[in-house]
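Note sheet for the following structure.
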Amino acid sequence: MVGILLIAHAPLAAALAAAASHVYACAPERAGSQIAVLDVQPDSDAQANVAQARALLREIDGGSGVLVLTDAFGASPGNVAALLAEPGRVAVIAGVNLPMLLRALCYRDGSLAETTAKALAGGNQGIMQVASTAVQHQGLRPTQGDDLARLRHQQ
């Protein structure tokens, strides 16, 4: 199973993990113990953050690779994440949002490339303008309900 490492400005990484637990009514960080969180504190030491991220990476890499999700490209957490990138072993996506994390959790039983593609799709599809005057039916894609079933099956 692909490991997932969240690296973001404090307290966003932990908050995203908690939100995923809320959505799926389980603790994703315990689902296979292949999820880790690094909340980068203000004025923290960059080298210490990189060392901590590498240690977390080693802990959660079960052999299928690790997907690193970070908040902002070019910011301190994003810079830490970028240093971890290793083709075929560690993929990094900047711009993490909750739909992206949920999709990554549901599809991490595939390859690193597949998990990365699903996470990107989830993040992109989760961004939309919502009408303020009338309720719109967005329509369900056929596999939307399958995400929760996939996560439960993994446990």
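Throughout, read-outs are computed from the coordinates displayed, never taken from laboratory work. Values in this document were obtained by computation on a predicted structure and should not be read as measured data. Backbone-built Cβ (ideal geometry, glycine too); neighbour counts: all protein chains shown.
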Subject >> In region 89-115, the residues that are surrounded by fewer than 21 Cβ atoms within 10 Å (Cβ to Cβ) and touching a Leu at 6+ places or on another chain (Cβ under 7 Å) >> reply: V90, I93, L98, L112
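With the requirement that a residue be closer than 19 Å to A117 by Cβ and crowded, with 20+ Cβ neighbours inside 10 Å, what does region 72-83 give you?
Passing the criteria: only A81.
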